[in-house]
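As structure tokens, the structure follows; a few thoughts come after it.
Where a number appears in this text, it was derived from the coordinates with a stated rule and is not lab data. Not measured: the values here are computed from a predicted model. In this analysis, Cβ positions are derived from the backbone assuming ideal geometry, glycine residues included, and neighbour counts consider all displayed protein chains.
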There are 2 protein chains.
Amino acid sequence: MITKIEGGVCAAKGFTAGGVHCGIRKNRIKKDLSMIVSEVPASAAAVYTTNLVKGAPLLVTKQHLENGLAQAIICNSGNANTCNADGIEIAEKMCALAADKLNISEDDVIVASTGVIGQPLDIAPIAEGMAPLAASCSSCGSADAAEGIMTTDTVKKEIAVSFQLGGKTCRLGGIAKGSGMIHPNMATMLVFLTTDAAISPEMLKKALSTDVASTFNMISIDGDTSTNDMVAVLANGLAGNPRIETEGEDFSAFCSALNSVTVCLCRMIAGDGEGATKLLECRVSGAKDEMTAKTAAKSVICSSLLKAAMFGADANWGRVLCAVGYSGADVDVSKIGVAFESKAGKITVCENGSGVEFSEEYAKKILSESEIDILVSLGEGEASATAWGCDLTYDYVRINGDYRT
Amino acid sequence: MITKIEGGVCAAKGFTAGGVHCGIRKNRIKKDLSMIVSEVPASAAAVYTTNLVKGAPLLVTKQHLENGLAQAIICNSGNANTCNADGIEIAEKMCALAADKLNISEDDVIVASTGVIGQPLDIAPIAEGMAPLAASCSSCGSADAAEGIMTTDTVKKEIAVSFQLGGKTCRLGGIAKGSGMIHPNMATMLVFLTTDAAISPEMLKKALSTDVASTFNMISIDGDTSTNDMVAVLANGLAGNPRIETEGEDFSAFCSALNSVTVCLCRMIAGDGEGATKLLECRVSGAKDEMTAKTAAKSVICSSLLKAAMFGADANWGRVLCAVGYSGADVDVSKIGVAFESKAGKITVCENGSGVEFSEEYAKKILSESEIDILVSLGEGEASATAWGCDLTYDYVRINGDYRT
């Protein structure tokens, strides 16, 4: 039984969070420095961008997580601290400043940055902001932390659930930032998760790695893989459940809770993609294996042509078929079916690889909603997959065509 | 010595071409049916989309080219004849109608279609249009044929060159259509080439296959691989050169001439991409091998973020580095250099993977030109590659967000 609860990253026992404006951004209204702290050292795991160009904070975090433990997360927005000669040094300083203030080891700090790349990150405002930041941390601070990591995101993204493990109530929550910046640059995605479940670092890493393959790795806003993507999770064990050390019922329950949180965050991130007016969810079914389903679903969600058609509420199903066709997935085109679904209804537009008669008017009504499901059936097996994206709009071009200066 | 000449697909001896409006499109001003004819049977070769969803005309053409010979090309715009239950039958009828009118074998006809997919193609207007179409064919008809295959292309694309083979003057010309449709659908690309050089079907196929790998396969308008892409070449031998049967000096000369034509057409297609205001050419040098250079160059040209930045004349070089980083190319990030160049000058923006100081004003001036070169040096070897694309603009979204109906 997984239940949605309030509190975001502070929902789990022993976690506090906060966010302040320290001056990295010129816009003084927007917070630009966030912190999440666990009362006690926690099992910790993270996954990172596969881009060969990696932000300096990722390299530092990776090192700090070698022992599978962490106690705090520090993250700034407004500057990605990437492709800077002094990047590593600055990221390490951020950890040291946080560790000093919290009286923990700097090896137990996870550091992340998001914003424009290739511009030196000044440590001064961060150093000055550390005391007010630490003071701002409280069990009600999730929303402030969520704001501090936002760039051109238009909504804060936080979620939490409660669930049972070994007779104990556990909580798992998260905050995320999606794509977009004031100085637009990378569609950087950051997700920070906290839980009071007791779980070993190894099993936590296993749960996270498995989960991202079908959640965050199935989002695409614009096909550009950021240099700074990171998903990190802290599990401090304060729920008092029997610590998860192996696979089994408890691990499965933990993974389900994790998945319920990550899927929510995925939908929030995709629906708030740069310039987006619509959340697109592509569900591929009837695939001969999961990889085929994933490949096809992600290709559909990445198609600029389809994304533009969805913006225009145009039931241009040929673009769905085209995207499946070039995806590299091994499919039998003559068996493919396509339907569009939303709150307004569901309409089948293609069967057995060929078009079927449908009402353009009804299709337009369905596609004018803000959440659209694109249903693709491959007719070859039992495997399925889901991918999330958004429409391609004038605002995407406006946001990303703007001068940085 | 390769010299630009007039005449497009009719520049080579023994080729005529024409185009008419037959009624597939409602817009009567725009020609929608084109034909190219050789006086004598010609060596013929073609390459096709790798999309698993393939237009019916491609399947018919593939069959007709099994013997390496053809004498005519028939092509309509306004309807892709793809994902239709009767597609093959209709494509075969188009060949039969053309063959009958030209008094040649229908196996010697190459057929192509471009336009919206999933809508049945009515053979009636094509049947009626065949007589006026054949009558329109002349040695001055290249421009008409180029118009008849256009969709939302804004300029006709034709080019021809003369060159020497075995003491004989040969000619090679082509027409092309790029991306965009009145009912926007696929970024279908069609290229038809003619030459009077004598060359065996085998060597012609070899020349074409080799060439497309570094020309047409290095274009991207929007990352969507069409279902109907085709590049076809006819070589009728009327120049009287010693027939090319093997590799050697003549084959190299032929390949050079072919490349000079295809590169011109690539630039025309990329510069006239849907909604494009700028032609982008990405030249990657210093790669350890050609595949690395190609992978990096194509990734840069495909980045929506970079394309939007180029639209905004924003020297956002981080997006170039990011795209190289996620391309899958094996590169050493710390050695990468980036520069932007145009008629207005050249500016270096990144060296050794980190930013260098540069004048934003000067960069903006350079990026405000209509043809931008993005120069990426990898500092690891001697291999290089070029890719072509265009900027991402409001008009791309407008064109592709429009309703089909």
#### Entry: the protein assembly as shown shape via C-alpha gyration tensor axes, a/c threshold 1.5
prolate
### Using a 7 Å Cα-to-Cβ projection, residue A:346 label spacings across copies, nm, ascending
5.9
### Task
Pop out the ³J(HN,Hα) list for the stretch A:97-109 in order, Karplus 6.51 cos²θ - 1.76 cosθ + 1.60 with θ = phi - 60°, rounded to Hz; leave Gly and Pro as x.
4, 5, 4, 4, 5, 8, 6, 10, 7, 5, 5, 9, 10
### Query
Along the stretch A:263-278, what does the Karplus equation 6.51 cos²θ - 1.76 cosθ + 1.60 (θ = phi - 60°) give for ³J(HN,Hα), rounded to whole Hz, x for Gly and Pro?
4, 4, 5, 4, 5, 5, 5, 5, x, 10, x, 4, x, 5, 10, 9
### Query
Counting other C-beta atoms within 10 Å, which of A:189, A:94 has the fewest, and how do the rest follow?
A:189, A:94
#### Entry: For residue B:198, distant residues with modelled amide H under 5 Å away
B:237, B:239, B:240, B:241, B:244
### Global form of the stretch B:279-401, assessed from the alpha-carbon gyration tensor, a/c cut-off 1.5
oblate
### Summary
Note to self: C-alpha centroids of the stretch A:1-28 and the stretch A:88-108 sit apart, in Å, by 19 Å
### Task
Determine, for the stretch B:279-401, the count of lysine pairs separated by eight or more sequence positions (or lying on different chains) whose alpha-carbon distance falls under 23 Å.
18
### Message
I want the antiparallel fraction of DSSP beta bridges within the stretch A:279-401, as a percent rounded to 5.
### Response
75 percent
### Summary
Charge tally for neighbours of residue B:69 with beta carbon under 15 Å away, counting Lys, Arg as +1 and Asp, Glu as -1, is -3
### Task
Can you tell me the dipole magnitude for the protein assembly as shown around its Cα centre, using point charges on the Cβ only (Lys, Arg +1; Asp, Glu -1), in Debye to the nearest 20?
1180 debye
### Task
Could you pull out every one of the lysines with an alpha carbon less than 16 Å from that of residue B:156, ignoring same-chain neighbours closer than 8 positions?
B:30, B:31, B:177
### Residues B:233, B:333 arranged by fewest to most Cβ contacts within 10 Å
B:333, B:233
### Task
For residue A:170, enumerate residues with amide H under 5 Å from its amide H, sequence gap 5+ or separate chain, H modeled in the peptide plane.
A:163, A:164, A:165
### Query
Where the only charges are on Cβ atoms (+1 Lys, Arg; -1 Asp, Glu), what is the dipole of the stretch B:279-401 about its Cα centre, to the nearest 20 debye?
260 debye
### Task
Using DSSP to define loop residues, name the GluC sites (Glu not before Pro) in the stretch A:189-259 whose beta-carbon has at most 15 other beta-carbon atoms within 10 Å.
A:245, A:247
#### Entry: Charge-dipole axis of chain B as Lys and Arg at +1 and Asp and Glu at -1 on Cβ define it, positive-most pick from B:41, B:11, B:172
B:11
### Radius 9 Å from Cβ of residue B:381, net charge of other residues (Lys, Arg +1; Asp, Glu -1)
-2
### Message
Give me the inter-chain shielding for B:78-90: mean count of other chain Cβ atoms within 10 Å, whole number please.
### Response
2
### Query
Just going by the charge dipole of chain B, with Lys and Arg at +1 and Asp and Glu at -1 on Cβ, which of B:362, B:85, B:56 is farthest out on the positive end?
B:362
### Hz values of 3J(HN,Hα) by residue in the stretch B:53-62 - Karplus curve (6.51, -1.76, 1.60), Gly and Pro given as x
7, 10, x, 4, x, 5, 5, 5, 4, 4
### Message
Suppose only helical runs count, i.e. DSSP H with n ≥ 4. What mean residue ellipticity at 222 nm does that imply for chain B under -39500 (n - 2.57) per run, divided by all residues and rounded to the nearest 500 deg cm²/dmol?
### Response
-9500 deg cm²/dmol
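Would you mind working out the magnitude of the charge dipole of chain B relative to its Cα centre, with +1 at each Lys and Arg C-beta and -1 at each Asp and Glu C-beta, to the nearest 20 Debye?
620 debye
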#### Entry: Sum of side-chain charges, residue B:159 neighbourhood, beta-carbon under 11 Å (Lys, Arg +1; Asp, Glu -1)
+2
### Query
Would you list B:310, B:218 from fewest to most Cβ contacts within 10 Å?
B:218, B:310
### Query
In chain B, what % of DSSP beta bridges are antiparallel (nearest 5)?
70 percent
### Query
Residue farthest toward the positive end of the dipole of the stretch B:3-271, with Cβ of Lys/Arg at +1 and Asp/Glu at -1: which of B:235, B:118, B:162?
B:162
### Query
Sequence-distant or interchain residues sharing an amide H contact under 5 Å with residue B:390, placed H: which?
B:280
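Return the loop-located GluC sites (Glu not before Pro) in the stretch A:57-114 (DSSP other than H, G, I, E, B) with at most 12 other Cβ atoms within 10 Å of their own Cβ; answer none if there are none.
Listed in order of number, the matching sites are A:66.
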### Query
Axis carrying A onto B: which residue of A has the nearest Cβ, and how far, whole Å?
A:394, 3
